[in-house]
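Novice: A single structure is presented below for examination.
The values are calculated or read from the model by the stated rules, or taken from the named source; none is laboratory data. Everything numeric in this text was worked out from a predicted model, so none of it was measured. All Cβ positions, glycine included, derive from the backbone under ideal geometry; neighbour counts span all protein chains shown.
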Amino acid sequence: MSFKLPTKEDKHDYVHDQFERIAKGYDLSNDVISVGMHRAWKLRAINELMGLGLKKVGTSEDSANRTNEKYLDICCGTGDLALAIAKQAAAGTKITGLDFSQNMLDLAGERQKRLARRKDKIKTVQMEWICGDAQQLPFEDNTFNGAIISFGLRNLTDLQKGLDEMTRVVKPGGRVVNLDLGHSTVPLFAPIFDAYFSNVVPVIGGILQNDRQAYKYLPESGRTYPRPEAISEMFKKAGLINVRHIPQALGTVALHVGIKR
Ligand SMILES: C[S@@+](CC[C@H](N)C(=O)[O-])C[C@H]1O[C@@H](n2cnc3c(N)ncnc32)[C@H](O)[C@@H]1O
(Lines give C-alpha, C1' and ligand atoms only; values in the text may rest on other atoms or scores of the structure.)
Protein backbone atom coordinates (compact mmCIF):
# COMPACT_ATOMS: atom_id res chain seq x y z
CA MET A 1 0.00 0.00 0.00
CA SER A 2 1.38 3.44 -0.89
CA PHE A 3 2.29 5.78 1.96
CA LYS A 4 0.38 9.04 2.49
CA LEU A 5 1.78 11.95 4.49
CA PRO A 6 -0.51 13.32 7.22
CA THR A 7 -2.65 16.35 6.37
CA LYS A 8 -1.69 19.75 7.78
CA GLU A 9 -4.39 19.35 10.47
CA ASP A 10 -3.10 15.91 11.51
CA LYS A 11 0.63 16.55 11.22
CA HIS A 12 1.34 17.81 14.77
CA ASP A 13 -0.23 14.76 16.49
CA TYR A 14 1.05 12.32 13.86
CA VAL A 15 4.67 13.51 14.24
CA HIS A 16 4.39 13.65 18.02
CA ASP A 17 3.09 10.06 18.29
CA GLN A 18 5.74 8.83 15.89
CA PHE A 19 8.67 10.25 17.86
CA GLU A 20 7.23 9.09 21.17
CA ARG A 21 7.08 5.60 19.64
CA ILE A 22 10.56 5.43 18.12
CA ALA A 23 12.48 7.37 20.82
CA LYS A 24 14.17 4.30 22.33
CA GLY A 25 15.89 3.06 19.19
CA TYR A 26 16.24 6.46 17.54
CA ASP A 27 20.00 6.95 18.05
CA LEU A 28 20.96 3.52 16.75
CA SER A 29 18.73 3.90 13.68
CA ASN A 30 20.22 7.33 13.01
CA ASP A 31 23.74 5.92 13.09
CA VAL A 32 22.86 3.00 10.83
CA ILE A 33 20.83 5.00 8.27
CA SER A 34 23.41 7.79 7.92
CA VAL A 35 26.38 5.37 8.36
CA GLY A 36 27.44 7.55 11.29
CA MET A 37 27.82 10.61 9.06
CA HIS A 38 25.21 12.67 10.94
CA ARG A 39 27.83 13.25 13.63
CA ALA A 40 30.16 15.09 11.23
CA TRP A 41 27.30 17.15 9.77
CA LYS A 42 26.26 18.16 13.27
CA LEU A 43 29.78 19.24 14.24
CA ARG A 44 29.92 21.38 11.11
CA ALA A 45 26.55 22.89 12.05
CA ILE A 46 27.80 23.68 15.58
CA ASN A 47 30.82 25.46 14.13
CA GLU A 48 28.43 27.63 12.13
CA LEU A 49 26.29 28.25 15.20
CA MET A 50 29.34 29.52 17.07
CA GLY A 51 30.57 31.53 14.10
CA LEU A 52 33.71 29.45 13.58
CA GLY A 53 33.24 28.21 10.02
CA LEU A 54 35.79 25.44 9.55
CA LYS A 55 37.92 26.42 12.57
CA LYS A 56 38.05 24.09 15.54
CA VAL A 57 35.65 24.97 18.31
CA GLY A 58 36.68 24.73 21.97
CA THR A 59 40.33 25.82 21.65
CA SER A 60 41.51 27.69 24.75
CA GLU A 61 41.83 30.90 22.73
CA ASP A 62 38.28 30.53 21.46
CA SER A 63 36.82 29.63 24.88
CA ALA A 64 38.44 32.65 26.51
CA ASN A 65 36.31 34.93 24.34
CA ARG A 66 33.09 33.21 25.31
CA THR A 67 31.52 33.96 28.65
CA ASN A 68 28.05 33.05 29.86
CA GLU A 69 26.75 32.29 26.36
CA LYS A 70 23.33 30.73 25.86
CA TYR A 71 22.45 28.32 23.07
CA LEU A 72 19.15 26.74 22.11
CA ASP A 73 18.70 23.38 20.38
CA ILE A 74 15.16 23.15 18.95
CA CYS A 75 13.63 19.71 18.25
CA CYS A 76 16.59 18.41 20.27
CA GLY A 77 15.43 14.77 20.30
CA THR A 78 17.79 12.70 22.45
CA GLY A 79 20.09 15.71 22.83
CA ASP A 80 22.72 14.89 20.21
CA LEU A 81 23.48 18.47 19.27
CA ALA A 82 22.99 20.04 22.70
CA LEU A 83 25.42 17.52 24.22
CA ALA A 84 27.92 18.02 21.39
CA ILE A 85 27.80 21.78 22.07
CA ALA A 86 28.27 21.08 25.80
CA LYS A 87 31.43 19.03 25.14
CA GLN A 88 33.02 22.02 23.45
CA ALA A 89 31.48 25.05 25.15
CA ALA A 90 33.26 27.36 27.58
CA ALA A 91 32.55 27.00 31.31
CA GLY A 92 29.40 28.86 32.31
CA THR A 93 27.63 28.32 28.99
CA LYS A 94 23.92 27.55 29.29
CA ILE A 95 22.39 25.12 26.78
CA THR A 96 18.66 24.55 26.43
CA GLY A 97 17.20 21.62 24.51
CA LEU A 98 13.52 21.81 23.53
CA ASP A 99 11.34 19.07 22.09
CA PHE A 100 7.66 18.10 22.25
CA SER A 101 8.40 14.40 22.85
CA GLN A 102 8.87 13.65 26.55
CA ASN A 103 10.30 10.20 25.71
CA MET A 104 13.04 11.85 23.64
CA LEU A 105 13.77 14.36 26.42
CA ASP A 106 14.00 11.61 29.06
CA LEU A 107 16.68 9.92 26.96
CA ALA A 108 18.50 13.25 26.56
CA GLY A 109 18.58 13.66 30.34
CA GLU A 110 19.94 10.13 30.80
CA ARG A 111 22.63 10.73 28.18
CA GLN A 112 23.64 13.96 29.91
CA LYS A 113 24.08 12.11 33.24
CA ARG A 114 26.14 9.35 31.59
CA LEU A 115 28.34 11.89 29.83
CA ALA A 116 28.89 13.94 32.99
CA ARG A 117 30.28 10.79 34.68
CA ARG A 118 32.91 10.47 31.92
CA LYS A 119 33.65 14.05 30.94
CA ASP A 120 34.30 16.61 33.69
CA LYS A 121 34.01 19.47 31.23
CA ILE A 122 30.29 19.17 30.73
CA LYS A 123 29.75 19.63 34.47
CA THR A 124 30.81 23.26 33.99
CA VAL A 125 28.00 23.78 31.48
CA GLN A 126 24.42 24.33 32.59
CA MET A 127 21.88 22.23 30.68
CA GLU A 128 18.09 22.14 30.69
CA TRP A 129 15.53 20.06 28.76
CA ILE A 130 12.19 21.67 28.07
CA CYS A 131 9.04 20.04 26.71
CA GLY A 132 7.43 22.50 24.31
CA ASP A 133 6.39 23.35 20.78
CA ALA A 134 8.98 24.72 18.36
CA GLN A 135 6.32 26.95 16.83
CA GLN A 136 5.58 28.70 20.14
CA LEU A 137 8.83 29.00 22.04
CA PRO A 138 8.48 29.72 25.77
CA PHE A 139 11.35 32.23 25.82
CA GLU A 140 11.67 36.02 25.82
CA ASP A 141 12.85 37.88 22.72
CA ASN A 142 16.64 38.21 22.28
CA THR A 143 17.57 35.54 24.87
CA PHE A 144 20.12 33.29 23.11
CA ASN A 145 23.48 33.76 21.40
CA GLY A 146 22.36 31.24 18.81
CA ALA A 147 19.61 28.74 17.99
CA ILE A 148 19.97 25.51 16.04
CA ILE A 149 17.59 22.88 14.68
CA SER A 150 18.66 19.60 13.11
CA PHE A 151 16.40 17.24 11.17
CA GLY A 152 13.48 18.96 12.87
CA LEU A 153 12.23 21.80 10.66
CA ARG A 154 10.78 19.34 8.12
CA ASN A 155 8.52 17.97 10.84
CA LEU A 156 6.85 21.23 11.79
CA THR A 157 3.35 22.10 10.61
CA ASP A 158 4.42 25.68 9.85
CA LEU A 159 8.09 25.85 8.86
CA GLN A 160 8.15 29.63 8.56
CA LYS A 161 6.70 30.01 12.06
CA GLY A 162 9.48 27.76 13.40
CA LEU A 163 12.17 29.92 11.79
CA ASP A 164 10.43 33.14 12.91
CA GLU A 165 10.40 31.87 16.48
CA MET A 166 14.08 30.88 16.42
CA THR A 167 14.94 34.33 15.07
CA ARG A 168 12.79 36.07 17.69
CA VAL A 169 14.58 34.43 20.64
CA VAL A 170 18.11 34.99 19.30
CA LYS A 171 19.98 38.20 20.21
CA PRO A 172 20.85 40.66 17.42
CA GLY A 173 24.10 39.44 15.82
CA GLY A 174 23.36 35.83 16.91
CA ARG A 175 22.99 32.94 14.51
CA VAL A 176 20.14 30.71 13.42
CA VAL A 177 21.21 27.35 11.97
CA ASN A 178 19.17 24.66 10.29
CA LEU A 179 20.47 21.21 9.30
CA ASP A 180 18.04 19.03 7.37
CA LEU A 181 17.59 16.93 4.28
CA GLY A 182 18.60 18.47 0.95
CA HIS A 183 17.79 17.57 -2.64
CA SER A 184 20.86 16.18 -4.38
CA THR A 185 21.13 16.97 -8.08
CA VAL A 186 24.42 15.10 -8.60
CA PRO A 187 23.96 12.93 -11.73
CA LEU A 188 24.03 9.16 -11.06
CA PHE A 189 24.29 9.67 -7.30
CA ALA A 190 20.88 11.38 -6.82
CA PRO A 191 18.75 8.43 -8.09
CA ILE A 192 20.86 5.92 -6.12
CA PHE A 193 20.38 7.94 -2.95
CA ASP A 194 16.65 8.27 -3.67
CA ALA A 195 16.32 4.50 -4.10
CA TYR A 196 18.25 3.90 -0.85
CA PHE A 197 16.10 6.36 1.05
CA SER A 198 12.76 5.14 -0.33
CA ASN A 199 13.39 1.39 -0.31
CA VAL A 200 16.19 0.50 2.09
CA VAL A 201 15.56 2.96 4.95
CA PRO A 202 12.00 1.64 5.72
CA VAL A 203 13.44 -1.89 5.86
CA ILE A 204 16.13 -0.76 8.31
CA GLY A 205 13.43 1.00 10.38
CA GLY A 206 11.35 -2.17 10.30
CA ILE A 207 14.24 -4.32 11.54
CA LEU A 208 15.68 -1.97 14.19
CA GLN A 209 12.50 -0.32 15.42
CA ASN A 210 9.74 -2.63 14.30
CA ASP A 211 8.19 0.54 12.83
CA ARG A 212 8.28 0.61 9.04
CA GLN A 213 5.63 3.32 8.95
CA ALA A 214 7.85 5.88 10.72
CA TYR A 215 10.68 5.14 8.31
CA LYS A 216 8.38 5.53 5.30
CA TYR A 217 7.49 8.98 6.63
CA LEU A 218 11.20 9.91 6.61
CA PRO A 219 11.82 9.79 2.80
CA GLU A 220 8.37 11.19 2.05
CA SER A 221 8.86 14.15 4.38
CA GLY A 222 12.22 14.76 2.70
CA ARG A 223 10.68 14.72 -0.77
CA THR A 224 8.08 17.35 0.11
CA TYR A 225 10.52 19.49 2.15
CA PRO A 226 11.34 22.76 0.30
CA ARG A 227 14.48 22.99 -1.84
CA PRO A 228 17.51 24.78 -0.29
CA GLU A 229 16.83 27.99 -2.27
CA ALA A 230 13.31 28.14 -0.81
CA ILE A 231 14.66 27.56 2.72
CA SER A 232 17.12 30.43 2.17
CA GLU A 233 14.17 32.66 1.23
CA MET A 234 12.35 31.61 4.42
CA PHE A 235 15.45 32.55 6.44
CA LYS A 236 15.40 36.00 4.86
CA LYS A 237 11.66 36.34 5.47
CA ALA A 238 12.32 35.58 9.15
CA GLY A 239 14.58 38.66 9.22
CA LEU A 240 17.95 36.92 8.93
CA ILE A 241 20.81 38.38 6.92
CA ASN A 242 24.00 36.91 5.37
CA VAL A 243 22.02 33.76 4.67
CA ARG A 244 24.12 30.88 3.36
CA HIS A 245 23.34 27.37 2.19
CA ILE A 246 26.22 24.93 2.73
CA PRO A 247 25.49 21.58 1.02
CA GLN A 248 26.68 18.43 2.80
CA ALA A 249 26.98 14.84 1.55
CA LEU A 250 26.66 15.72 -2.15
CA GLY A 251 23.61 17.85 -1.46
CA THR A 252 21.58 15.18 0.32
CA VAL A 253 21.88 17.29 3.46
CA ALA A 254 21.41 21.07 3.57
CA LEU A 255 22.98 23.32 6.19
CA HIS A 256 21.56 26.86 6.38
CA VAL A 257 22.94 29.73 8.44
CA GLY A 258 21.68 33.26 8.94
CA ILE A 259 22.47 36.15 11.28
CA LYS A 260 19.90 38.17 13.17
CA ARG A 261 20.05 41.82 12.22
C1 LIG B 1 14.29 13.63 13.42
S2 LIG B 1 14.25 14.08 15.12
C3 LIG B 1 15.74 15.04 15.26
C4 LIG B 1 16.36 14.93 16.62
C5 LIG B 1 17.72 15.63 16.76
N6 LIG B 1 17.63 17.05 16.52
C7 LIG B 1 18.74 15.01 15.84
O8 LIG B 1 19.20 15.70 14.92
O9 LIG B 1 19.09 13.85 16.05
C10 LIG B 1 13.00 15.32 15.13
C11 LIG B 1 12.61 15.79 16.52
O12 LIG B 1 11.74 16.90 16.38
C13 LIG B 1 10.76 16.84 17.40
N14 LIG B 1 9.63 17.69 16.97
C15 LIG B 1 8.90 17.57 15.86
N16 LIG B 1 7.97 18.54 15.80
C17 LIG B 1 8.13 19.31 16.90
C18 LIG B 1 7.48 20.47 17.40
N19 LIG B 1 6.46 21.04 16.76
N20 LIG B 1 7.91 21.01 18.55
C21 LIG B 1 8.94 20.43 19.23
N22 LIG B 1 9.59 19.31 18.82
C23 LIG B 1 9.19 18.77 17.66
C24 LIG B 1 10.45 15.36 17.51
O25 LIG B 1 9.85 15.01 18.74
C26 LIG B 1 11.85 14.75 17.33
O27 LIG B 1 12.49 14.55 18.56
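Novice: Only one of 259, 241, 246, 231 is at pLDDT 90 or above, in a helix (DSSP H, G or I) and among the β-branched types (Val, Ile, Thr); which?
Specialist: On inspection, the qualifying residue turns out to be 231.
Novice: Now for a different question. Since residue 97 meets every condition but one in (1) modelled with pLDDT of 95 or more; (2) touching a helix residue (DSSP H, G or I) at 6+ places or on another chain (Cβ under 8 Å); (3) of a type in the set (Gly, Ala, Ser); (4) away from the ligand (no atom under 11 Å from the Cβ), which condition does it not meet?
Specialist: Answer for residue 97: the failing condition is (4).
Novice: Could we say that residue 108 is within 15 Å of the ligand (Cβ to nearest atom), under 29 Å from residue 14 (Cα atoms) and touching a residue at least 40 places away in the same chain (Cβ under 8 Å) here?
Specialist: No.
Novice: Answer yes or no: is there a residue in region 58-71 that is within 13 Å of the ligand (Cβ to nearest atom) and modelled with pLDDT of 95 or more.
Specialist: No, that holds for no residue.
Novice: Does residue 248 fit the bill of being closer than 24 Å to residue 167 by Cα, buried (at least 17 other Cβ atoms within 10 Å of the Cβ) and touching a residue at least 24 places away in the same chain (Cβ under 8 Å)?
Specialist: yes
Novice: Just for region 1-30: of the residues that are within 16 Å of residue 197 (Cβ to Cβ) and under 17 Å from the mean Cα position of the chain (by Cα), which one is farthest from the ligand (Cβ to nearest atom)?
Specialist: Among residues in region 1-30 that are within 16 Å of residue 197 (Cβ to Cβ) and under 17 Å from the mean Cα position of the chain (by Cα), the one farthest from the ligand (Cβ to nearest atom) is 29.
Novice: Being among the small types (Gly, Ala, Ser) and assigned to a helix (DSSP H, G or I) is the filter here, so list the residues in region 20-35 that pass it.
Specialist: 23, 25, 29
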